1. What ranking of Ile71, Ile56 comes out by heavy-atom accessible area, probe 1.4 Å, highest first?
2. Quote the accessible area belonging to Lys4 in square angstrom, nearest 10, computed with a 1.4 Å probe and with ligands, DNA and RNA left uncounted.
3. For the stretch 1-41, what log10 I(q)/I(0) values come out of the Debye formula at q = 0.15, 0.23 1/Å, with one point per alpha carbon and no solvent?
4. Heavy atoms of the protein only, probe of 1.4 Å, neighbouring chains included. What is the accessible area of Val52 in Å², nearest 10?
Amino acid sequence: MSAKLVLQGIAVAAFMAMLHSGYSAREYLMYSKSIGRQDLSLPIEIVLECLVSLAIMTVALVISVGKLKPISYEAEMKRYSIDGVFSRPSFQAFNHRGRYLRPLVDQPAVTQ
């Protein structure tokens, strides 16, 4: 198995632990309300489970992503020539308002 797959598995397990901590928090609060407890703070075990699973999931996902691509404009434009950039069909507009304005230009000017 590749390291990327192992790290993604660890991230999924950490996500499941985070879901479990959320479920535990909900159950604890529901139980606290049912017995009439006024202090509704969460136990440290639930908070630690959530924080540790968040840290493990973040580290596993960041490491499993791999090498990032450069996002600078210069790195992107090294692949294209200036002729190729400006000759794309998206720069050519064939459907514009000129066909509606042409009849106005062809009419003779009325002077009084």
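1. Values: Ile71 165, Ile56 80 Å².
Ranked from most to least accessible, the order is Ile71, Ile56.
2. 100 Å²
3. Calculated log10 I(q)/I(0) at the listed q: -0.51, -0.73.
4. 80 Å²
The values are calculated or read from the model by the stated rules, or taken from the named source; none is laboratory data. Keep in mind that what you see is a predicted model, and the values were worked out from it rather than measured. All accessible areas refer to the heavy atoms of the entire protein, side chains included, with ligands and DNA or RNA removed. Shrake-Rupley method; radii C 1.70, N 1.55, O 1.52, S 1.80 Å.
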